[in-house]
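Accompanying notes for the structure given below.
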Amino acid sequence: PAGTGILIDDVSITRATPMKLISVGAANPNLPVLLGTDTNPILHVVIETQGSLEPLALDTMNFRLEASHGLAEIASVRVLTGDLSGRAPSSDGGGSEFGQALGADADSFKFQGTQALRPGANHFWLSVKLKPGANIDGRVSATCSFISFANGEQMTVQMAATGAPARLGVALRKANDDGAKVYRIPGLITTPKGTLIAVYDARWRGSGDLPGDVDVGLSRSTDGGRSWEPMRIIMDMGRDPKWRFD
C-alpha cells in the first residue's frame with residue numbers, strides 16, 4: 001500500500017572490495033539463425049566477477065566461427081551486451097554493441113573495445129546476420145577461445161559441453177510485415193505433394209486477443225521452405241469498427 005515502505009525482492013550486503021574475475025564461460029543457445037533478421041545469437045558468454053571497487057573493463061574477445069557452406073554466407077558478426085536476466089537479445093534488436101570486429105583469419109574474429117563490468121554475472125552474445133539467399137540446409141556454430149581485460153589480465157573461456165550448431169531458417173513473418181503489428185499462433189503442415197502451408201494470426205492493430213482486428217493469414221512454399229509466396233488473407237474476421245473489426 002502507498003506510504004508503507006518499499007518491497008525489496010532480493011538483498012545482499014557485502015564488504016566493498018576491489019573487483020576480481022571469478023570465471024568466464026560460454027555456451028551455444030538452442031536458437032535458430034534466421035534469414036530476414038538482423039540479430040541471431042549463436043554464443044552466450046558469461047563473465048563472473050566479485051567486488052564493486054575499481055571495476056574491471058573488458059578489452060578483447062576472440063571467437064571462431066564455422067558454417068556448413070562457408071562464412072561467405074554470413075553478412076555480419078556482432079557482440080551484444082545482455083541484461084541482468086541473461087535472456088538472449090530478441091530477433092528485432094536489443095543490447096548495445098561491444099567493440100569493433102577485427103578479422104584475424106578466415107574463420108576467426110576479434111572484437112576490441114572497452115566495457116566496464118558490474119559485480120556478478122556479465123552477459124555477452126555473439127550474433128550473426130545471414131546474407132540474402134543463404135542456404136538454409138546448413139549449420140552455424142561458434143566458440144570463444146579467450147578474452148582479455150584492460151588491466152592486461154587474460155582468461156581462457158570454458159565452453160559448455162552441451163549445445164549444437166545452430167540450424168538455419170527463414171523469418172517468415174515479423175512484426176509490421178505487410179502492415180500487421182503482430183503475427184501470432186502459427187501452424188504448419190506438409191501436403192502429400194510436399195508443399196508447406198503456414199497459417200497464423202495477422203493482428204493488425206496490436207498483440208491482444210479477440211475481440212480485435214485479427215485475421216488469418218496463409219503463406220505457401222513449394223521448395224521446402226527456402227522461398228515463400230506472398231501472404232494471403234484466408235479469413236477476414238470483420239470490418240465493423242463498432243466490434244473492433246471482429
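Looking only at region 49-76, count every residue that is touching a helix residue (DSSP H, G or I) at 6+ places or on another chain (Cβ under 9 Å) and either under 23 Å from Thr114 (Cα atoms) or at pLDDT below 90 (or both) and tell me the total.
At the first step, the residues of region 49-76 found to be touching a helix residue (DSSP H, G or I) at 6+ places or on another chain (Cβ under 9 Å) are 65, 67.
With the extra rule that they be either under 23 Å from Thr114 (Cα atoms) or at pLDDT below 90 (or both), the set shrinks to 65.
Qualifying residue count for the region: 1.
Tallying residues that are under 16 Å from Pro230 (Cα atoms) and assigned to a strand (DSSP E or B) within region 189-200 yields 5.
Remark: Leu126 falls outside the filter, which requires a residue to be outside any strand (DSSP E or B) and more than 22 Å from Ala175 (Cβ to Cβ). Inspect region 51-58 for any residue being outside any strand (DSSP E or B), of a type in the set (Asp, Glu) and under 21 Å from the mean Cα position of the chain (by Cα) and give the result as yes or no. So far as region 51-58 goes, no, none of its residues is outside any strand (DSSP E or B), of a type in the set (Asp, Glu) and under 21 Å from the mean Cα position of the chain (by Cα). Take the conditions (1) part of a strand (DSSP E or B); (2) touching a Ser or Thr at 6+ places or on another chain (Cβ under 7 Å); Phe109 misses just one of them, which is (2).
The C-beta contact set for region 154-169 (first residue charged (D, E, K, R), second residue open to solvent by less than 40 Å² (accessible area, probe 1.4 Å), distance under 9 angstrom, 6+ apart or interchain) comprises Arg167/Val33; Arg167/Ile136; Arg167/Gly138; Arg167/Val140. Within region 155-181, being open to solvent by 40 Å² or more (accessible area, probe 1.4 Å) and either in contact with a helix residue (DSSP H, G or I) (Cβ under 9 Å, 6 or more places away or on another chain) or farther than 27 Å from Ala67 by Cβ (or both) holds for Ala175, Asn176, Asp178, Gly179, Lys181. Checking the structure you have, find out if any residue of region 63-71 is among the basic types (Lys, Arg) and either assigned to a strand (DSSP E or B) or open to solvent by less than 70 Å² (accessible area, probe 1.4 Å) (or both). For region 63-71, residues among the basic types (Lys, Arg) and either assigned to a strand (DSSP E or B) or open to solvent by less than 70 Å² (accessible area, probe 1.4 Å) (or both): present.
For region 87-109, what are the residues that are within 9 Å of the chain's Cα centre (by Cα), open to solvent by 50 Å² or more (accessible area, probe 1.4 Å) and modelled with pLDDT under 70? Steps first, please.
Residues of region 87-109 that are within 9 Å of the chain's Cα centre (by Cα), as a first pass: 87-94.
Checking the rest, the ones that are also open to solvent by 50 Å² or more (accessible area, probe 1.4 Å) come to 87, 90-92.
Within region 87-109, Ser91, Asp92 meet the criteria.
Look at (1) closer than 30 Å to Pro230 by Cα; (2) loosely packed, with under 12 Cβ neighbours inside 10 Å; (3) in contact with a strand residue (DSSP E or B) (Cβ under 6 Å, 6 or more places away or on another chain) and you find that Ser127 fails only one, number (2).
So is Gly206 under 23 Å from the mean Cα position of the chain (by Cα), touching a residue at least 12 places away in the same chain (Cβ under 8 Å), assigned to a strand (DSSP E or B) and more than 30 Å from Ser108 (Cα to Cα) or not?
no
Applying the criterion of being within 20 Å of Thr195 (Cα to Cα) and among the β-branched types (Val, Ile, Thr) to the residues of region 213-239, the residue that is surrounded by the fewest Cβ atoms within 10 Å (Cβ to Cβ) is Ile234.
The values are calculated or read from the model by the stated rules, or taken from the named source; none is laboratory data. These figures come from a predicted structure and were not determined experimentally. So basically every Cβ, Gly included, is an ideal-geometry build from the backbone, and we count neighbours across all protein chains shown. Please note that ligands, DNA and RNA were not included when accessible areas were found on the heavy atoms of the full protein model with its side chains. Shrake-Rupley method; radii C 1.70, N 1.55, O 1.52, S 1.80 Å.
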